Every structure is written in structure tokens, then in C-alpha cells.
Amino acid sequence: MIVADLTRRMMPGMPVWPGDPPLNAVPAADAGRDGCAVTRVTLGTHCGTHMDAPAHVLPGGRTLDRFPPERFLGWAVTARSRGPQITEADLQPVLESAVRAGFLLVHTGWDVHWGDADCFTGYPPLTEGAAALLAGSGLRCLGLDTPGPDAPGDASLPHHRALLGADILLVENLRGLDRLPDVPVRFQALPLALAGADGAPVRAVAYWE
């Protein structure tokens, strides 16, 4: 079995969306001094590779703890996009298979810009048509190797609202989608079990024979 870890490593100083809380980790107890080691960690719910719940942008929307765990694992199909935007033409060849599988992962290659100055400002968003296509598809979850589906600087987040409003969960800041084959693979992105979570970091993994 081949296993691909698609998750960003969590550490102090890692990139976060501008204005979001940074990740901090400080010792709270020491194994030598206190008999055990404990680390105090603070971070935002949308730090690193994470999942968005409808409550992220929709008042009264479902939080992650209100989804059964089976929503977070299944089969995934990968689409490839190399333009300045993710278009309907990029998605249509695999969309039917992705809807049957449950998960669509979109490989743009933007993950190589993690930590660059343009990490959160130059990434390829979905076009309006691509967002509408996905919102009406019946897909369970969309995974991106970018910070999100909306255009950088668009604070109204229309694609977030359309997709999450259609009950399509979002996984953002994936990495290494270039390693995935062009056939369905097993996929899981399990969020922290935080009560009332509008989002949460995930450990995203794909595996295949």
C-alpha cells in the first residue's frame, strides 16, 4: 500500500491567513522536572491543512461536530488545473466520478508557494462557473492545494458560501497532490472533534495499492 500524507506540518511560525491567530506552542510541563511533558498549544481553527464547516460563513450553519465521522473519509478523484483560475473545463472530465466517490481534490501546484510572499495573494481561485457547477453536483467534499476557493481579496467569499451552503465541506492547504494517481484513491481528512467548530485542522491522507 502507498500512503501519501497531504497535510502541512503544524509548527510555530507557520503561515496563516492574514489576520488569523498564529500557532504558538510552549512547554507547560517538563518530563525531567515534572514527570511528564505537556505542551500548551494555541491556534486558529483554520490553521494549516484544515476543514471548513458551513458555520464558517453561514450564520446558523452546521458545525463540524454535527457531521458524522463517515463524512470525513471515503474515495477521492483528482482534477488537474494549471491556469490562473480553476475552470469548469478543468473539473468536468472527472466530476461525475468524483461525485460517485464523494471527494474531489484539485491539484493546481500552488502548494509549492507555501511560505512565499504571494502564498495568500496569488493563488488560483475557482471561476464563478466552476463554483456553480460544484455547488449543484452533489459532491460531499472539495479539497484544494490552495488557501481557498475564492479569489484573493474577495472578502465576501461567494464560493465559500455557495459550496458550504450546498453542504460541501472544504479542505484547504493540502500538499503533494501531484503524487496521487489519476484513478480513485482512498482519502480521509479527520478534523479535531471540537464542539461547535466552524473549522478545524485535519490530518489528510490518501492511500492506494
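The values are calculated or read from the model by the stated rules, or taken from the named source; none is laboratory data. A quick note: this is a predicted structure, and the numbers were derived from the prediction, not measured. With ideal geometry, Cβ positions are generated from the backbone for all residues, glycine too; neighbour counts draw on all protein chains shown. Heavy atoms of the whole protein, side chains included, go into the accessibility calculation; ligands, DNA and RNA do not. Shrake-Rupley method; radii C 1.70, N 1.55, O 1.52, S 1.80 Å.
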Legend entry - Long-range neighbours under 6 Å by Cβ, at least six apart or interchain, first residue open to solvent by 10 Å² or more (accessible area, probe 1.4 Å) within the range 135-146, second part of a loop (DSSP other than H, G, I, E, B): Ala135/Ala166
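Matching residues to (1) at pLDDT 95 or above; (2) in a strand (DSSP E or B); (3) of a type in the set (Ser, Thr, Tyr):
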position: Glu70; (1), (2), (3): yes, no, no
position: Thr78; (1), (2), (3): yes, yes, yes
position: Arg82; (1), (2), (3): no, no, no
position: Asp90; (1), (2), (3): yes, no, no
position: Leu95; (1), (2), (3): yes, no, no
position: Ala98; (1), (2), (3): yes, no, no
position: Phe103; (1), (2), (3): yes, yes, no
position: Asp116; (1), (2), (3): yes, no, no
Inset, instruction - Could you list all residues from the range 2-23 that are open to solvent by less than 70 Å² (accessible area, probe 1.4 Å), of a type in the set (Val, Ile, Thr) and touching a strand residue (DSSP E or B) at 6+ places or on another chain (Cβ under 6 Å)? - result: Thr7
Legend entry - Scan of the range 101-128 for residues that are among the acidic types (Asp, Glu) and more than 13 Å from Gly148 (Cα to Cα), ordered by number: Asp116, Asp118, Glu128
Inset, instruction - Quickly run through the range 147-183 and pick out the residues that are open to solvent by 10 Å² or more (accessible area, probe 1.4 Å), under 23 Å from Gly60 (Cβ atoms) and not in a helix (DSSP H, G or I). - result: Asp154, Ala155, Ser156, Leu157, Ala166, Asp167
Inset, instruction - Could you list all residues from the range 69-101 that are within 12 Å of Val185 (Cβ to Cβ) and either in contact with a Gly (Cβ under 8 Å, 6 or more places away or on another chain) or surrounded by 17 or more Cβ atoms within 10 Å (Cβ to Cβ) (or both)? - result: Gly74, Trp75, Ala76, Val77, Thr78, Ala98, Ala101
Inset, instruction - Search the range 107-134 for residues being touching a residue at least 40 places away in the same chain (Cβ under 8 Å) and more than 26 Å from Ser97 (Cα to Cα), and hand back the single one that is surrounded by the fewest Cβ atoms within 10 Å (Cβ to Cβ). - result: Gly115
Inset, instruction - Consider only pairs whose beta carbons are under 8 Å apart and that are at least six residues apart or on different chains; among these, list those whose first residue lies in the range 1-22 and is within 10 Å of Ala206 (Cα to Cα) and whose second residue is open to solvent by 80 Å² or more (accessible area, probe 1.4 Å) and assigned to a loop (DSSP other than H, G, I, E, B). - result: Ile2/Glu209
Inset, instruction - Examine the range 34-42 for a residue that is under 13 Å from Arg203 (Cα atoms), open to solvent by 30 Å² or more (accessible area, probe 1.4 Å) and not in a strand (DSSP E or B), and state whether such a residue exists. - result: no
Inset, instruction - Inspect all residues belonging to the range 125-138 and state whether any of them is at pLDDT below 95 and in contact with a Ser or Thr (Cβ under 9 Å, 6 or more places away or on another chain). - result: no
